[in-house]
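Okay, so here's the structure we're looking at.
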Amino acid sequence: LRADFSATRLLALSSPIIGEIEAIVADLRRRCCAVWFADAGIETNDRRVALSVDMRYAGQNYELSIPLPTGPVTYATIDGLAAGFAAAHQRLYGFDAEDEPMQLVTFRAEATGIVRKAELRPTADAGPDARAAELGRRNVWLSETGAFVSCPLYDRERLFAGNHIEGPAIVEQMDATILIVPGATATVDPYLNLLLELP
Amino acid sequence: MSASALNRIDPITVEVIGSALSSIVEEMGEALVRASFSTNIKERRDCSTALFDTRGTTLCQAEHIPMHLGSFIGIIPEILKRHPAEKMQPGDVFIGNDAYAGAGTHLPDIVLGEPIFIDGRIAAWPVNTAHHADFADRGHAHIYQEGLRIPPIRLYRRANCRATCRS
């Protein structure tokens, strides 16, 4: 489970900004831990926060994301950011501009909560009869028949493992409409997937 | 090339090599824009990149500014006319903006070229042009009003900017 937080502050990279960086980092950590992790119910041991800063040379328009050195914010943090940016610039563009002033633009926190993988459990077989899911019938024009045909409509939420439908038919669900063309069949598998077999 | 020689060229190989060259010049342009400080480059992207072979023939030019197509087509032959290739070294960079010496159509378009060495020999030339803002422009009656006219000269020697060019 992951969420991203950011704080944009345009700062020149220099030692007097140590206090400002501390305050921004404390605020990002608070938004990750006291707010988001708490809301999402992530236990203390399962919380990870990765901090980075989007940096550029003053005058550029494109930033590079540089990991914020871990530990308390000190002069070493400033040096670490400068070295990290120079190395990233060298790696990406083939050069770095010695003595050019650097800027910090956006501070980012990536909050990751370690959670158990969702378990998929097969559901019990309910037999082939799908009539319990029928919503009604509708006249539908199909290119296969070249005319209107009466199609049964099914509710996806009420289709269960083992249910079997012969086309033509229509399955309606919250986010999609599934057309089962004449000659095709649909079967619900134990994980509630709808398996369509075309003629 | 004779018809039989043409038939022997595998069209898939041509496409693969052509696409590789295209991606090189596209990446060059992206690095130029993203690393630049000039508003005219970082916002307007008024720049182009290309690869030339050792004789100075264009291999590939990126689809950046259509007006730049072919505008610096003569730059490598003009550099080679003035600077013997056998005396070039890795890290040498050449500069020029004179339309009468292979570079650009107006003086603000400054062209840079650097030979790539593989095993001690020049293999190709990456070249870029970028429209520099605030580049004189006192009128257009004649070329001297447009700005500084730079013939193809060596700007960097072994990755060091030459003091005589700077001052």
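Coordinate-derived values only; no laboratory data. Not measured: the values here are computed from a predicted model. Virtual Cβ from ideal backbone geometry, glycine too; neighbours counted across all protein chains shown.
The figures follow:
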| item | result |
| --- | --- |
| Kirkwood Rh in Å, taken over all unlike Cα pairs in chain A | 22.0 Å |
| Charge context of residue B:139, other residues only, Cβ under 15 angstrom, K/R +1, D/E -1 | 0 |
| Folded to 0 to 90 degrees: helix B:11-35 orientation relative to chain B principal axis, Cα | 20 degrees |
| Where labels lie 7 Å past Cα in the beta-carbon direction, separation of residue A:125 and residue B:57 in nm | 7.2 nm |
| Table column - 3J(HN,Hα) (Hz), region B:68-85, Karplus curve with 6.51, -1.76, 1.60, x for Gly and Pro | 7, 4, x, 6, 10, 4, x, 5, 5, x, 5, 5, 5, 5, 9, 10, x, 4 |
| Projected-area mean, the protein assembly as shown, by convex hull of Cα positions, square nanometres | 34.0 nm² |
| Partner aspartates and glutamates for residue B:81 [C-alpha distance under 18 Å; skip if fewer than 8 residues away on the same chain] | B:53, B:92, B:98, B:114 |
| Residues whose placed amide H lies under 5 Å from that of residue B:60, excluding near-sequence neighbours | B:51 |
| Sum of side-chain charges, residue A:153 neighbourhood, beta-carbon under 9 Å (Lys, Arg +1; Asp, Glu -1) | -1 |
| Length gained when the stretch residue B:118-residue B:138 is fully extended (0.36 nm per residue, less Cα-Cα span) | 2.8 nm |
| 3J(HN,Hα) from dihedral phi, region A:159-172, Karplus parametrisation 6.51/-1.76/1.60, rounded to Hz, x for glycine, proline | 8, 10, 3, x, 4, 10, 10, 9, x, x, 7, 10, 10, 9 |
| Paramagnetic label zone (point 7 Å from Cα along Cα-to-C-beta, residue B:105; backbone N under 14 Å) in region B:140-167 | none |
| Cβ-based exposure ranking for A:52, B:23, in which fewest neighbours within 10 Å come first | B:23, A:52 |
| 5 angstrom amide H check on residue A:142, placed H, neighbours 5+ away | A:147, A:149 |
| Partner aspartates and glutamates for residue B:42 [C-alpha distance under 19 Å; skip if fewer than 8 residues away on the same chain] | A:54, A:63, A:96, A:100, B:26, B:27, B:30, B:63, B:109, B:134 |
| Sorted by Cβ density within 10 Å, fewest first, the residues A:141, A:36, B:125 | A:141, A:36, B:125 |
| Pairwise FRET efficiency - residue A:115 versus residue A:26, Cβ, R0 = 22 Å, nearest 0.05 | 0.25 |
| Nitroxide proxy distance, nm - points 7 Å out along Cα→Cβ at residue A:149 and residue B:148 | 7.9 nm |
| Neighbourhood net charge (14 Å Cβ-Cβ; Lys/Arg +1, Asp/Glu -1) for residue A:19 | -2 |
| Note, ³J(HN,Hα) from phi for region B:98-115, Karplus 6.51, -1.76, 1.60, rounded to Hz, x at Gly and Pro | 8, 4, 7, 10, x, 10, x, 10, 8, 5, x, 7, 9, 9, 10, x, 9, x |
| Rel. contact order, % - alpha carbon contacts under 8 angstrom, at least six apart, chain A | 20 percent |
| Mean separation of Cα contacts under 8 Å, 6 or more apart, over the residue count of region B:102-158: relative contact order % | 28 percent |
